Amino acid sequence: MNTKLPIHALLGAFLLASTTHLSGRIHPFDAATLGSRTFDRLTEIDFEDLDLAGDQGVPNPLSVGGATFFDPTGLGAVSLSPVISAPDPDNAQGENIILVMDPGATISFERPPKVVVVDIQAIGDHPFELLVTDGRGVQQRVSGRGRFVVGTLLGMFSSSGIARIEVIDVGGVGMPLFVARILFSHHGRSAAND
């Protein structure tokens with residue numbers, strides 16, 4: 001799905017829902033507070049749609065939909081039961097295909113989107129840390145914590161776009177980050193009325 005997102009509506013929801021101080025150029029927020037209507041307007045890369053759990057393995061780097069996923073030790077994919085991860089909205093009854101990204105792994109965008117949401121699953125309540133680079137090359141560390149069963153929807157906004165996300169650490173012991181899907185939008189304020 002690739003539709004235009006009225007960014008002012010997303011920012012309004014972000015400002016109401018965010019408990020993060022708005023400093024710096026990259027603004028992380030809890031995307032779980034956004035409504036399904038907002039999610040419907042984001043471009044989605046769902047790893048289930050790519051059939052990554054087969055015998056072929058996962059290409060490294062994996063380029064799809066304007067995003068490139070790279071892991072210096074090799075990308076992996078696992079199939080998780082909805083008992084231990086949040087049901088995929090597109091496949092609520094079945095298993096989720098999760099991309100496994102070790103520390104040092106990156107997600108980069110061909111054209112930096114202004115809004116990115118990372119759907120993180122199956123890391124329990126472990127903390128994680130990412131290094132996010134905006135479209136101007138400014139870097140900011142973004143920290144969060146997993147949530148049991150429901151997962152974590154980490155949103156990030158930058159008016160100059162999000163160019164790259166690097167996995168720094170998970171759990172304080174270098175566990176991998178399990179990513180169920182990535183959602184994003186390139187549209188800014190000027191596209192709000194399109």
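The values are calculated or read from the model by the stated rules, or taken from the named source; none is laboratory data. Computed from a prediction, not measured in an experiment: that's the story for all the values here. Because the Cβ atoms are built from the backbone with ideal geometry, glycine has one as well, and the counts that use them run over all protein chains shown.
Some observations on this one:
- Odd one out for residue 178 among (1) modelled with pLDDT of 95 or more; (2) buried (at least 22 other Cβ atoms within 10 Å of the Cβ): (1)
- When 51, 71, 88 are checked against the criterion of being out of contact with any helix residue (DSSP H, G or I) (no Cβ under 8 Å at 6 or more places or on another chain) and modelled with pLDDT under 70, 51 stands alone in meeting it.
- Scanning the stretch 98-115 for residues that are assigned to a strand (DSSP E or B) and either surrounded by fewer than 23 Cβ atoms within 10 Å (Cβ to Cβ) or among the hydroxyl-bearing types (Ser, Thr, Tyr) (or both) turns up 100, 106, 108, 109.
- Inside the stretch 123-162, residues that are crowded, with 21+ Cβ neighbours inside 10 Å, closer than 21 Å to residue 110 by Cα and of a type in the set (A, V, I, L, M, F, W, C) make up a count of 6.
Yes/no matrix, rows are residues, columns are (1) at pLDDT below 90; (2) closer than 19 Å to residue 48 by Cα; (3) out of contact with any His (no Cβ under 6 Å at 6 or more places or on another chain):
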residue: 114; (1), (2), (3): no, no, yes
residue: 117; (1), (2), (3): no, yes, yes
residue: 122; (1), (2), (3): yes, yes, yes
residue: 141; (1), (2), (3): no, no, yes
residue: 160; (1), (2), (3): no, no, yes
residue: 172; (1), (2), (3): yes, no, yes
residue: 183; (1), (2), (3): no, yes, yes
residue: 187; (1), (2), (3): yes, no, yes
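- Test: residue in the stretch 139-162 that is touching a residue at least 60 places away in the same chain (Cβ under 8 Å), of a type in the set (Lys, Arg) and within 22 Å of residue 97 (Cβ to Cβ): no
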